[in-house]
Amino acid sequence: MNIILLGPPGAGKGTQARRLVDERGMIQLSTGDMLRAARKSGTEMGKVVAEVMDRGDLVTDEIVIGLIEERLTGDQGAGFIFDGFPRTLAQADALGELLERLGQKLGCVIEMQVDDDALVARIVARSTCAQCGESYNDISKPIPADGKCAVCGGTEFIRRADDNEESLKQRLMEYYKKTSPLIGYYYCKGTLRRVDGLADIDTVAAAIGEVLDRDCG
């Protein structure tokens, strides 16, 4: 089962992907993680990635597709979760062609629907444990009263510099310009499903699980 989690920055795609990894044995394909791993790998593809990144250039779609192909031909797990890819219609076409060539298919695309104003309010309130990366939110999941991370006991918490209203609106604009057309693209292919991305984490996870069990086999 291969799926895409689709939604604007801060919709909770990464959080839900990690739950699917833990609970269903799926494999999360984060383009950022793959690029960092490739850069350190010393492989031919890794050398290409390192050269591009060292020049400060953007990694091309062809390179990303090559990294994805390497991953898809390895351990399959219970399926793949595409996180951060595709972002454009051209990338969606390339991914579809790759899956077809490998004899695989895309089970479904799950759009995590959000209200922009509520999303901005939620993201501005979020923080992360500096030691283990556990996520917290002043509104929905505050830091424990004793000031210690519930996972590792760390006492230092950080907020992303771009988690402010102005930066978020710019990121949302980029999403609507480049990525939101994928909603119509996958709707026309019959693979789009929707869940409420602003519900609490457990409710969103349950909704995604229901979609997977009902529609994505």
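Points to keep in mind about this one:
- When the test is whether a residue is at pLDDT 90 or above, out of contact with any Cys (no Cβ under 6 Å at 6 or more places or on another chain) and more than 27 Å from Gln131 (Cα to Cα), Gly217 does not pass it.
- Here region 25-71 is the region considered, the condition is being among the hydrophobic types (A, V, I, L, M, F, W, C) and in contact with a strand residue (DSSP E or B) (Cβ under 6 Å, 6 or more places away or on another chain), and the residue that is nearest to Phe85 (Cα to Cα) is Leu29.
- Within region 87-128, the set of residues being of a type outside the set (A, V, I, L, M) and closer than 20 Å to Cys188 by Cβ comprises Arg87, Thr88, Gln91, Asp93, Gly96, Glu97, Glu100, Lys105, Gly107, Cys108, Glu111, Gln113.
- Where helices (runs of 4 or more DSSP H) fall wholly inside region 1-114, no range has 3 or more residues that are within 21 Å of Tyr175 (Cβ to Cβ), among the aromatic types (Phe, Trp, Tyr) and in contact with a helix residue (DSSP H, G or I) (Cβ under 8 Å, 6 or more places away or on another chain).
- Criterion applied to Gly74, Gly96, Gly107 was being touching a strand residue (DSSP E or B) at 6+ places or on another chain (Cβ under 6 Å) and over 30 Å from Ser140 (Cα atoms), and the one residue passing it is Gly107.
- Within region 160-192, considering residues that are at pLDDT 85 or above and touching a Lys or Arg at 6+ places or on another chain (Cβ under 7 Å), the one surrounded by the most Cβ atoms within 10 Å (Cβ to Cβ): Thr179
- Identity of the residue in region 138-159, among the charged types (D, E, K, R) and in contact (Cβ under 8 Å) with a residue 12 or more places away in the chain, that ends up farthest from Gly7 (Cα to Cα): Glu156
- Only one entry of Gly153, Gly133 meets the criterion of being in a loop (DSSP other than H, G, I, E, B), exposed (fewer than 14 other Cβ atoms within 10 Å of the Cβ), modelled with pLDDT of 90 or more and at positive phi, and that entry is Gly153.
- Residue match in region 57-69 (condition: under 17 Å from the mean Cα position of the chain (by Cα) and in contact (Cβ under 8 Å) with a residue 40 or more places away in the chain): no
- Condition check for Glu174: farther than 22 Å from Phe85 by Cβ, part of a helix (DSSP H, G or I) and acidic (Asp, Glu): no
- From Ala78, Ala90, residue being surrounded by fewer than 16 Cβ atoms within 10 Å (Cβ to Cβ), touching a residue at least 60 places away in the same chain (Cβ under 8 Å) and not aromatic (Phe, Trp, Tyr): Ala78
- In summary, Gly32 fulfils each of the numbered conditions (1) surrounded by 13 or more Cβ atoms within 10 Å (Cβ to Cβ); (2) closer than 29 Å to Asp116 by Cα; (3) not hydrophobic (A, V, I, L, M, F, W, C) with the single exception of condition (1).
The values are calculated or read from the model by the stated rules, or taken from the named source; none is laboratory data. Predicted model, so just to flag it, every value in this text is computed and none were measured. Glycine gets a Cβ as well: all are built from the backbone with ideal geometry, and neighbour counts include every protein chain shown.
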